[in-house]
Each structure stands twice: as structure tokens, then as C-alpha cells.
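A.B. asks: Could you have a look at this structure, given as C-alpha cells, before my questions?
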Amino acid sequence: MTVPRLRELGQGRLLLDLDFRDTEGLVAAYLLPEPEGWTLVETGPSSCREALLAGVARAGVSPEEVRHVFVTHVHLDHAGGMGAVVDSFPKATFYAHELGVPHMVDPARLVASARRAWGAASDRLWGTIAPVPAERIVALRGGERFPIDHGELEVLATPGHARHHLAFFDTAIRGVFTGDGAGVRLEHSSHLRPAVPPPDLDLEQLFASLDVMRRTDPKVVLFSHFGPSPDGAADLMRYRTIVEQWRDVALAAAREKGDPEYVAGRLKAYDATVTAASPPTEGESIISSYALAAQGFLRYFETRGLLGRIPK
Ligand SMILES: [Zn+2]
């Protein structure tokens, strides 16, 4: 493991690259100075624990100074490492959405659902998932505010990608930490890609949550995959259109054949026409995979009765 990159974002805020799969620029965490020490946004997966701790050390932050740890949602690439750092940050309080907290305390269902989605590769990708002691984690619903240097961190309920998804608004830099709520936009890429996995994708909620984030009038949008976007507010605008386009392709495919692989293939073929000039990188197709998008859409269509009877 190389010591991960750090980047200054203004007002003392820092971006940590967690070097997921020894690859730069896939999974981010953020450190924000606050009155009692430091606030961490996202832990990343358990497999990135060493990189996270090395990044915190490189920032000159002692483990005792990490006082508040927030995750946008409990999917393993954002929060899988929480249980693994509970002892590393002995003075920290951990936070997740109230619907996500039970899965942090008992991660059995998270692990099972990751194994369904990722198959045999799951454990290697995400690492060993340790439970978070119930007394160390606090449930959020949206609307809470926490002091950070020069301002506040405001919790925004942003369901859609998952029911328990949160975003965080940093009033000092007017930055929104979008988690997966505004899709995936890797550094040096102009592609904004859907993050629409199973099991509880809800497109109506997702679109409403984009409006919630837009209403903060952000100057900068900070993706967990990955980093600050140079045109964040515009990304929030265009993400809805991109998801609608993928949805339409997936629905047409699913009505022909309700098979996830078939739908994934159609999404990939469609995406190839859109990104012909600069095909998606390997990193982009890992973080925003066609297979997961197909599964997410199919489940969404099925639960809403949009498919009718379909030939298998
Ligand atoms: Zn993610």
C-alpha cells in the first residue's frame, strides 16, 4: 500500500484517497476540521482500513482527534470499514441514517447482499465486515446540524440510491458530499455515471433528492467516487437526465427479456454509443457497473409492476 494522496479543498478540508484496489481516484473520504478535533465523512470499505488510517496520520491528525464519523449510506464501499475503525478512533461517535444503523450493528444482511451482488469476489473486494457496537453509533434522519470550522455540517435526507441515503452540506465551503446520491464522477472524467444498485432503488425519491441537494445552491459537489467536481451544480442537473436515459434503455430491454445479463448488455451497448469518444475506464465500470445497474432497475421495475408478464 502506498501512503494515500491527500488534497486540500479550502478552509482546512481534506480529501483522502483510499486507494481502493490499489487504484487512485476510486473511493474518497473527507476530513473536516471541527471545534473538538476532526470530522470524517465516509470510512470507505474495510479493505481500505490501512489506507484510511495512513491518510489520517499523513494529515497530521491523531486517532484521538477524530471525533465524529459520518457515512452517507451503509453500502460496503462507503461504510464497510466503520466496524474496523471503531477501536482505532477511540473518541469518535459514529453516525448513519436510522434505517442503516441496524445493519452497522449487525452487518450479516449487508454481507449477504454484497455476496449476492458481487459473488465470490465480494469478500476480497470489501474485506471483513466488523459490527459497530450499538453504544458507539447514533441514528440520523436528516435536518441535524453539527459544528465544523467556519460553519456547520447539515444532514440532508436523500433517499433514492438507497432508502437510508444521506448527503451532507458544508455551509463554509458550500459543498455537498453526495455519497452515491448524484452518481459517480471520477476525476479527469467528464462521464457522470448512474449509481442505481439493488435492492431499494427508488427513482422518484432519487430525483426528489437531487432537488434537495440543488436547493443548497452548492458551489462544489464532492463525490465519494471521486472528489470535487469542477461543475458540480450542473452535474446535479444533468444526472437526472442520464438516469432517465438508462432507465428507458433498461425498461425496453427488460420488457423483451427479464434477464439481468441481457439488460446489462443493453445498458453497456447504449453506453458505448454515448461514450464513444472516450470509453469508460476500468475504474468507472467497477464503481458504476452495468450488472448492478441492471439488477437495480429490474428490481425497481418489478416492485412497481412496470414489466407485466415477460418472457424469460
Ligand atoms: Zn458507492
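The values are calculated or read from the model by the stated rules, or taken from the named source; none is laboratory data. It should be emphasised that the depicted structure is a prediction, and the values quoted were computed from it without experimental measurement. Glycine gets a Cβ as well: all are built from the backbone with ideal geometry, and neighbour counts include every protein chain shown. Heads up: the accessible areas ignore ligands, DNA and RNA and are worked out on the full protein's heavy atoms, side chains in. Shrake-Rupley method; radii C 1.70, N 1.55, O 1.52, S 1.80 Å.
A.B. asks: In Å², what does the accessible area per residue of region 36-94 work out to with a 1.4 Å probe?
C.D. replies: 28 Å²
A.B. asks: Using DSSP to call loops (not H, G, I, E or B), can you name the trypsin sites (Lys or Arg not before Pro) in region 191-264 whose Cβ has at most 12 other Cβ atoms within 10 angstrom?
C.D. replies: On the way: sites: Arg214, Arg215, Lys219, Arg238, Arg240, Arg247, Arg255, Lys257; in loops: Arg215, Lys219, Lys257.
Here the sparse-neighbourhood loop sites are Arg215.
A.B. asks: How big is the gap, in Å, between the Cα center of region 10-25 and the Cα center of region 69-116?
C.D. replies: 19 Å
A.B. asks: Provide the gained length on full extension for the span Arg215 to Asp149, in nm with one decimal, where the gain is 0.36 nm per separating residue minus the Cα-Cα distance.
C.D. replies: 21.5 nm
A.B. asks: Where the accessible area of the chain is counted over protein heavy atoms with a 1.4 Å probe, how much of it, in %, is carbon and sulfur?
C.D. replies: 51 percent
A.B. asks: Provide the net charge surrounding Glu154, with neighbours chosen by a C-beta distance below 9 Å and charges set as Lys +1, Arg +1, Asp -1, Glu -1.
C.D. replies: Cβ neighbours under 9 Å give a net charge of -2.
A.B. asks: So, one more: Each residue of region 56-72 in order: what ³J(HN,Hα) in whole Hz does its phi give by Karplus 6.51 cos²θ - 1.76 cosθ + 1.60, θ = phi - 60°, with x for Gly and Pro?
C.D. replies: Karplus-based 3J(HN,Hα) across region 56-72 equals 4, 4, 5, 6, x, 9, 7, x, 5, 7, 7, 10, 9, 10, 10, 10, 5 Hz.
A.B. asks: Follow-up question, since we're still on this one. Within 10 Å of each candidate Cβ there may be at most 15 other Cβ atoms; applying that plus a DSSP loop requirement, which trypsin sites (Lys or Arg not before Pro) in region 97-169 survive?
C.D. replies: Arg141
A.B. asks: Which percent, nearest 5, of DSSP beta bridges in the chain are antiparallel?
C.D. replies: Details: 29 of 44 bridges.
Around 65 percent antiparallel, to the nearest 5.
A.B. asks: Cut-off 10 angstrom, C-alpha nodes, Gaussian network model of the chain. Which of Phe177, Phe301, Phe146 fluctuates the most?
C.D. replies: The residue with the greatest mean-square fluctuation here is Phe146.
A.B. asks: Now, a different point. How much accessible area per residue does region 160-312 have, in Å², with a 1.4 Å probe?
C.D. replies: On the way: 6410 Å² over 153 residues.
That works out to 42 Å² for each residue.
A.B. asks: Which value in deg cm²/dmol, rounded to the nearest 500, describes the helix-derived mean residue ellipticity at 222 nm for the chain, given -39,500 (n - 2.57) per DSSP H run of n ≥ 4 and division by the residue count? Spell out each step's value before the answer.
C.D. replies: Numbers: 11 runs with 111 residues, N = 312.
The helix-only estimate for the chain comes to -10500 deg cm²/dmol at 222 nm.
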